[in-house]
1. Condition check: modelled with pLDDT of 95 or more, under 26 Å from residue 136 (Cα atoms), open to solvent by less than 70 Å² (accessible area, probe 1.4 Å) and in contact with a helix residue (DSSP H, G or I) (Cβ under 7 Å, 6 or more places away or on another chain). Does residue 101 satisfy that?
2. Are any residues in segment 1-55 under 34 Å from the mean Cα position of the chain (by Cα), outside any loop (DSSP other than H, G, I, E, B) and among the β-branched types (Val, Ile, Thr), and if so, which ones?
3. If you check 118, 66, 58, which single one turns out to be at pLDDT 95 or above and either open to solvent by less than 50 Å² (accessible area, probe 1.4 Å) or in a helix (DSSP H, G or I) (or both)?
4. Pick out the one residue from 95, 135, 107, 111 that is at pLDDT 95 or above and open to solvent by 40 Å² or more (accessible area, probe 1.4 Å).
5. If I filter segment 100-107 for residues that are among the polar types (S, T, N, Q) and in contact with a Pro (Cβ under 8 Å, 6 or more places away or on another chain), do I get at least one hit?
6. Taking into account only those residues within segment 163-195 that are over 11 Å from residue 136 (Cβ atoms), in a strand (DSSP E or B) and of a type in the set (A, V, I, L, M), which is farthest from the chain's Cα centre (by Cα)?
7. Do we find a residue being within 13 Å of residue 186 (Cβ to Cβ), basic (Lys, Arg), assigned to a loop (DSSP other than H, G, I, E, B) and touching a strand residue (DSSP E or B) at 6+ places or on another chain (Cβ under 6 Å) anywhere in segment 89-100?
8. Given the conditions (1) on the phi > 0 side of the Ramachandran plot; (2) part of a helix (DSSP H, G or I), report the number of the one that residue 255 does not fulfil.
Amino acid sequence: PRIPHDIYVPAPRDTGRPANLGDKVVVEMKAWESRHTNPEGEIIEVLGPPDEEGVDMLSVLRQYHLPLHFPKEVLQAANTFGNEVSARDRAGRRDCRRQNVITIDPDDAKDFDDAFCLERRPGSNQWKLWIHIADVSHYVKPGDALDQEARKRGNSTYLVDRVIPMLPEKLSNKVCSLRPGEDKLTYSCIMEVSPRGTVKSYQIRETVIHSAHRFTYEEAQEVLQGDHPDHPLAEDVAEMGRLARTLTQKRMRAGSVD
(Lines give C-alpha, C1' and ligand atoms only; values in the text may rest on other atoms or scores of the structure.)
Protein backbone atom coordinates (compact mmCIF):
# COMPACT_ATOMS: atom_id res chain seq x y z
CA PRO A 1 0.00 0.00 0.00
CA ARG A 2 2.90 2.41 0.59
CA ILE A 3 4.33 1.93 -2.91
CA PRO A 4 1.83 2.89 -5.65
CA HIS A 5 4.30 1.99 -8.42
CA ASP A 6 4.42 -1.34 -10.20
CA ILE A 7 7.61 -3.21 -9.29
CA TYR A 8 9.39 -4.77 -12.26
CA VAL A 9 10.59 -8.30 -11.50
CA PRO A 10 12.10 -11.08 -13.62
CA ALA A 11 10.76 -14.63 -13.37
CA PRO A 12 11.44 -16.00 -9.84
CA ARG A 13 14.32 -18.41 -9.31
CA ASP A 14 14.71 -21.11 -6.65
CA THR A 15 11.62 -20.10 -4.67
CA GLY A 16 10.31 -23.63 -4.20
CA ARG A 17 7.03 -23.08 -6.03
CA PRO A 18 6.02 -21.27 -9.23
CA ALA A 19 4.46 -17.81 -9.07
CA ASN A 20 1.04 -17.54 -10.70
CA LEU A 21 -0.99 -14.45 -11.54
CA GLY A 22 -2.57 -13.12 -8.33
CA ASP A 23 -0.18 -14.87 -5.93
CA LYS A 24 1.24 -13.08 -2.93
CA VAL A 25 5.03 -12.92 -3.12
CA VAL A 26 7.92 -11.48 -1.16
CA VAL A 27 10.06 -9.11 -3.22
CA GLU A 28 13.55 -7.86 -2.43
CA MET A 29 14.03 -4.35 -3.78
CA LYS A 30 17.04 -4.03 -6.10
CA ALA A 31 17.00 -0.64 -7.74
CA TRP A 32 14.87 2.52 -7.53
CA GLU A 33 16.85 5.39 -8.91
CA SER A 34 14.02 7.92 -9.03
CA ARG A 35 10.46 8.19 -7.82
CA HIS A 36 9.55 9.02 -11.41
CA THR A 37 10.55 5.54 -12.56
CA ASN A 38 9.34 2.12 -11.52
CA PRO A 39 11.35 0.23 -8.92
CA GLU A 40 12.95 -3.11 -9.73
CA GLY A 41 13.16 -6.17 -7.52
CA GLU A 42 13.48 -9.91 -7.29
CA ILE A 43 10.90 -12.43 -6.08
CA ILE A 44 12.56 -14.33 -3.22
CA GLU A 45 9.52 -16.23 -1.93
CA VAL A 46 6.13 -17.25 -3.32
CA LEU A 47 3.51 -17.34 -0.55
CA GLY A 48 0.61 -18.45 -2.75
CA PRO A 49 -2.95 -17.34 -3.54
CA PRO A 50 -4.33 -14.83 -0.97
CA ASP A 51 -7.32 -17.10 -0.21
CA GLU A 52 -5.21 -20.22 0.32
CA GLU A 53 -5.11 -21.50 3.91
CA GLY A 54 -2.09 -20.19 5.81
CA VAL A 55 -1.08 -17.54 3.28
CA ASP A 56 -2.58 -14.71 5.36
CA MET A 57 -0.50 -15.75 8.40
CA LEU A 58 2.64 -16.12 6.28
CA SER A 59 2.02 -12.60 4.98
CA VAL A 60 1.86 -11.24 8.54
CA LEU A 61 5.05 -13.08 9.46
CA ARG A 62 6.92 -11.65 6.48
CA GLN A 63 5.45 -8.15 6.74
CA TYR A 64 6.63 -7.70 10.34
CA HIS A 65 9.84 -9.72 9.95
CA LEU A 66 8.78 -12.20 12.63
CA PRO A 67 11.37 -14.97 13.01
CA LEU A 68 10.13 -18.57 12.85
CA HIS A 69 13.35 -20.13 14.13
CA PHE A 70 15.94 -19.49 16.83
CA PRO A 71 19.67 -19.31 16.03
CA LYS A 72 21.60 -22.47 16.82
CA GLU A 73 23.59 -20.88 19.66
CA VAL A 74 20.37 -19.72 21.35
CA LEU A 75 18.87 -23.22 21.22
CA GLN A 76 22.13 -24.65 22.58
CA ALA A 77 22.03 -22.19 25.48
CA ALA A 78 18.44 -23.18 26.31
CA ASN A 79 19.25 -26.87 26.18
CA THR A 80 21.95 -26.55 28.84
CA PHE A 81 19.25 -26.37 31.52
CA GLY A 82 17.83 -29.50 33.06
CA ASN A 83 14.10 -30.14 33.26
CA GLU A 84 14.06 -30.37 37.06
CA VAL A 85 14.84 -27.84 39.79
CA SER A 86 17.92 -28.94 41.73
CA ALA A 87 18.80 -28.41 45.39
CA ARG A 88 21.37 -25.87 44.22
CA ASP A 89 18.63 -23.93 42.36
CA ARG A 90 16.46 -23.89 45.50
CA ALA A 91 19.23 -22.61 47.78
CA GLY A 92 18.32 -19.35 49.51
CA ARG A 93 14.72 -19.41 48.30
CA ARG A 94 11.60 -19.49 50.42
CA ASP A 95 10.03 -22.93 50.11
CA CYS A 96 6.34 -22.66 49.17
CA ARG A 97 5.95 -26.18 47.83
CA ARG A 98 3.43 -27.22 50.51
CA GLN A 99 0.98 -24.49 49.54
CA ASN A 100 -2.17 -25.10 47.50
CA VAL A 101 -0.82 -23.14 44.56
CA ILE A 102 -2.96 -23.07 41.40
CA THR A 103 -2.82 -21.62 37.92
CA ILE A 104 -5.83 -20.45 35.89
CA ASP A 105 -5.33 -20.06 32.13
CA PRO A 106 -7.19 -20.52 28.84
CA ASP A 107 -7.81 -24.10 27.74
CA ASP A 108 -5.27 -23.86 24.90
CA ALA A 109 -2.50 -22.16 26.92
CA LYS A 110 0.96 -23.65 26.42
CA ASP A 111 2.89 -21.75 29.09
CA PHE A 112 1.83 -20.88 32.61
CA ASP A 113 3.77 -17.91 33.96
CA ASP A 114 1.70 -16.88 36.97
CA ALA A 115 0.18 -18.79 39.88
CA PHE A 116 -1.32 -17.92 43.25
CA CYS A 117 -2.34 -19.15 46.67
CA LEU A 118 -4.73 -17.67 49.21
CA GLU A 119 -4.95 -18.36 52.93
CA ARG A 120 -7.01 -16.95 55.80
CA ARG A 121 -4.83 -15.75 58.66
CA PRO A 122 -5.39 -17.98 61.75
CA GLY A 123 -7.75 -16.26 64.18
CA SER A 124 -8.23 -13.35 61.78
CA ASN A 125 -10.49 -12.34 58.91
CA GLN A 126 -7.49 -11.06 56.94
CA TRP A 127 -6.20 -12.82 53.85
CA LYS A 128 -2.64 -13.76 52.99
CA LEU A 129 -2.26 -13.67 49.23
CA TRP A 130 0.72 -15.15 47.39
CA ILE A 131 1.26 -14.18 43.75
CA HIS A 132 3.96 -16.30 42.09
CA ILE A 133 5.62 -15.24 38.82
CA ALA A 134 7.96 -17.54 36.89
CA ASP A 135 11.57 -16.52 37.61
CA VAL A 136 12.97 -16.38 34.09
CA SER A 137 15.92 -14.29 35.29
CA HIS A 138 17.37 -17.37 37.01
CA TYR A 139 18.01 -18.79 33.54
CA VAL A 140 18.42 -15.74 31.29
CA LYS A 141 21.39 -13.58 32.30
CA PRO A 142 22.09 -10.05 31.04
CA GLY A 143 24.03 -10.10 27.79
CA ASP A 144 23.97 -13.85 27.15
CA ALA A 145 22.70 -15.40 23.90
CA LEU A 146 19.18 -15.89 25.26
CA ASP A 147 19.00 -12.30 26.48
CA GLN A 148 20.25 -10.86 23.19
CA GLU A 149 17.74 -12.86 21.17
CA ALA A 150 14.92 -11.87 23.54
CA ARG A 151 15.88 -8.20 23.15
CA LYS A 152 15.67 -8.53 19.35
CA ARG A 153 12.21 -10.09 19.55
CA GLY A 154 10.97 -7.78 22.30
CA ASN A 155 7.98 -9.96 23.17
CA SER A 156 6.13 -13.11 22.23
CA THR A 157 3.77 -12.57 19.29
CA TYR A 158 0.36 -14.24 19.34
CA LEU A 159 -1.21 -14.88 15.94
CA VAL A 160 -4.47 -16.65 15.14
CA ASP A 161 -2.87 -20.04 14.55
CA ARG A 162 0.51 -19.88 16.32
CA VAL A 163 2.75 -18.15 18.83
CA ILE A 164 6.15 -16.72 17.95
CA PRO A 165 7.83 -16.98 21.38
CA MET A 166 10.40 -14.57 22.77
CA LEU A 167 12.34 -17.45 24.34
CA PRO A 168 12.93 -21.01 23.06
CA GLU A 169 10.27 -23.58 23.88
CA LYS A 170 12.61 -25.35 26.30
CA LEU A 171 12.31 -22.29 28.56
CA SER A 172 8.90 -20.79 27.72
CA ASN A 173 6.89 -24.03 27.71
CA LYS A 174 8.93 -26.27 30.00
CA VAL A 175 11.63 -25.02 32.38
CA CYS A 176 9.93 -21.69 33.22
CA SER A 177 6.32 -22.83 32.81
CA LEU A 178 4.55 -23.30 36.15
CA ARG A 179 3.18 -26.71 35.24
CA PRO A 180 1.32 -28.69 37.91
CA GLY A 181 3.15 -31.37 39.84
CA GLU A 182 6.60 -29.89 39.20
CA ASP A 183 8.96 -27.77 41.32
CA LYS A 184 9.42 -24.32 39.74
CA LEU A 185 11.45 -21.21 40.57
CA THR A 186 9.43 -18.05 41.09
CA TYR A 187 9.42 -14.47 42.32
CA SER A 188 6.57 -13.97 44.74
CA CYS A 189 4.69 -11.02 46.14
CA ILE A 190 3.32 -11.96 49.57
CA MET A 191 0.52 -9.67 50.75
CA GLU A 192 -1.60 -9.15 53.82
CA VAL A 193 -5.05 -8.08 52.60
CA SER A 194 -7.82 -6.67 54.77
CA PRO A 195 -11.50 -7.75 54.56
CA ARG A 196 -12.13 -4.62 52.46
CA GLY A 197 -9.38 -5.49 50.00
CA THR A 198 -6.69 -3.12 51.25
CA VAL A 199 -3.10 -4.35 51.05
CA LYS A 200 -1.77 -3.84 54.59
CA SER A 201 1.78 -5.04 53.92
CA TYR A 202 3.77 -6.92 51.32
CA GLN A 203 7.16 -8.43 50.64
CA ILE A 204 8.83 -9.77 47.52
CA ARG A 205 10.84 -12.96 47.79
CA GLU A 206 12.61 -15.48 45.61
CA THR A 207 10.69 -18.72 46.05
CA VAL A 208 10.18 -22.28 44.84
CA ILE A 209 6.64 -23.61 44.31
CA HIS A 210 4.91 -26.85 43.34
CA SER A 211 1.61 -26.13 41.59
CA ALA A 212 -1.20 -28.32 42.96
CA HIS A 213 -3.57 -27.93 40.03
CA ARG A 214 -3.95 -26.32 36.64
CA PHE A 215 -7.43 -24.85 36.12
CA THR A 216 -8.89 -23.62 32.87
CA TYR A 217 -11.19 -20.59 33.15
CA GLU A 218 -14.19 -22.84 32.54
CA GLU A 219 -13.19 -25.34 35.23
CA ALA A 220 -12.56 -22.60 37.78
CA GLN A 221 -15.95 -21.06 37.01
CA GLU A 222 -17.67 -24.43 37.48
CA VAL A 223 -16.02 -24.84 40.89
CA LEU A 224 -17.05 -21.29 41.85
CA GLN A 225 -20.63 -22.13 40.88
CA GLY A 226 -20.57 -25.18 43.15
CA ASP A 227 -20.70 -27.74 40.33
CA HIS A 228 -17.83 -29.75 41.86
CA PRO A 229 -18.30 -29.66 45.65
CA ASP A 230 -16.01 -32.67 46.11
CA HIS A 231 -13.05 -31.07 44.32
CA PRO A 232 -10.07 -31.08 46.73
CA LEU A 233 -9.50 -27.37 46.06
CA ALA A 234 -13.18 -26.32 46.09
CA GLU A 235 -12.89 -24.33 49.35
CA ASP A 236 -9.65 -22.66 48.21
CA VAL A 237 -11.28 -21.55 44.96
CA ALA A 238 -14.40 -20.33 46.81
CA GLU A 239 -12.17 -18.22 49.11
CA MET A 240 -10.39 -16.83 46.04
CA GLY A 241 -13.76 -15.95 44.56
CA ARG A 242 -14.69 -14.03 47.72
CA LEU A 243 -11.47 -12.01 47.58
CA ALA A 244 -11.91 -11.40 43.85
CA ARG A 245 -15.39 -9.95 44.45
CA THR A 246 -14.03 -7.80 47.29
CA LEU A 247 -11.26 -6.40 45.07
CA THR A 248 -13.71 -5.77 42.23
CA GLN A 249 -16.06 -3.86 44.55
CA LYS A 250 -13.11 -1.82 45.87
CA ARG A 251 -12.06 -0.98 42.32
CA MET A 252 -15.59 0.07 41.39
CA ARG A 253 -15.86 2.31 44.46
CA ALA A 254 -12.63 3.99 43.35
CA GLY A 255 -14.27 4.92 40.04
CA SER A 256 -13.37 2.10 37.69
CA VAL A 257 -15.27 2.05 34.39
CA ASP A 258 -17.49 -1.04 34.00
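The values are calculated or read from the model by the stated rules, or taken from the named source; none is laboratory data. Here the structure is a predicted model, which is why all the values come from computation and not from measurement. Backbone-built Cβ (ideal geometry, glycine too); neighbour counts: all protein chains shown. Please note that ligands, DNA and RNA were not included when accessible areas were found on the heavy atoms of the full protein model with its side chains. Shrake-Rupley method; radii C 1.70, N 1.55, O 1.52, S 1.80 Å.
1. In short, no.
2. Listed by number, the residues that qualify are 25, 26, 27, 44, 46, 55.
3. 118
4. 95
5. Yes; the residues of segment 100-107 include at least one that is among the polar types (S, T, N, Q) and in contact with a Pro (Cβ under 8 Å, 6 or more places away or on another chain).
6. Here the residue is 193.
7. Yes, segment 89-100 contains at least one residue that is within 13 Å of residue 186 (Cβ to Cβ), basic (Lys, Arg), assigned to a loop (DSSP other than H, G, I, E, B) and touching a strand residue (DSSP E or B) at 6+ places or on another chain (Cβ under 6 Å).
8. Single failed check for residue 255: (2).
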